[in-house]
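Q: One structure is given below, represented as structure tokens, and several questions about it will come after.
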Amino acid sequence: MAARAPLSYPAADITRHVEDLVLNCPDLSGFLEDLAVFCAEQQAFVSGDVTCGVTVLRASGLAHTGGSEEATRSLEDVQTQYREGPGLSAALDEAMVLVTDLRSEERWPSFIDAARGGKVLSVLALPVGLEGAASASLSFYSLRPHGFGRDAIASAHALAADASKGLRLVIRIASLRETEQNLRTVMAARPPIDIAVGVIIGQEHCSEDVALEWLFRASRTRNVSIRDLAAEIVATAGNAHPTKVHSDD
């Protein structure tokens, strides 16, 4: 469990605290957990005792979740696993979802079973604005029916707006790290890749840039690593029917 935030923050300091979370925990998973803890404590001032969950759907299709408590994180995981729930709906539809009493709710059966098992009776989920194809939601869970009134909804909207600023930055950092790792992987595999590029140039009478583009595109299309595809091209270069990458375009 992440270290808990101080119990009270003036409204003007919430943005600054979110920025501090980014600096202190720039990796995505740790940031989501710290953010959920902080938002739960802030929301408690107007909603009473609540928990908070955060779900991020990356442009790559990967889902990342965090929760102020382990049980809350599990509720977020259930939604991404079964592709249903108020938080997921808020993220994908970019609209607030308010469930005043789960005892009469019939949507999202997998989520409802998990939430009722945790004695959750009301949920407030809001979209968190991100860049590009990524989406996210900030969800609050209460053990009381009708746990979120007008003031609680306004507070949650303010928290979601501030959370989006930090989350955008953390996702950018994560993406840069992933790109760096991918480049390192490619560089480690350069000898077979260089040979494969030479084979493609010889087959297709194209430039090196075009050959590289075909190689990367075929890797994505076939869902195989660059190294494995390059090795296949090199291994079959002398065969009667060598591997060709442009046929998948």
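Bear in mind these aren't lab numbers, they're just calculated from the coordinates by the rules spelled out. Just so we're clear, the structure is a prediction, and the values are computed from it rather than from any experiment. Here Cβ is always computed from backbone atoms with ideal geometry, including for glycine, and neighbour counts include all displayed protein chains.
Q: I need the shape label for region 11-175. Rule: rounded when a/c is under 1.5, else prolate if a/b > b/c, else oblate, with a, b, c from the alpha carbon gyration tensor.
A: oblate
Q: If you don't mind, another one. Once the Cβ-Cβ distance between residue 60 and residue 104 is put in as r, and R0 is 45 Å, what FRET efficiency do you end up with, to the nearest 0.05?
A: E between residue 60 and residue 104, to the nearest 0.05, is 0.75.
Q: Working out 0.36 nm times the residue gap between residue 82 and residue 157, then minus their Cα-Cα distance, what length gain in nm do you get to one decimal?
A: 24.4 nm
Q: Assuming R0 = 45 Å, what is the FRET efficiency of residue 119 and residue 217, from their Cβ-Cβ distance, to the nearest 0.05?
A: 0.35
Q: Another question, if that's okay. Spin-label point model (7 Å from Cα, Cβ direction): what's the residue 46 to residue 244 distance in nm?
A: Each label point is offset 7 Å from its Cα along the Cβ direction, giving 6.3 nm.
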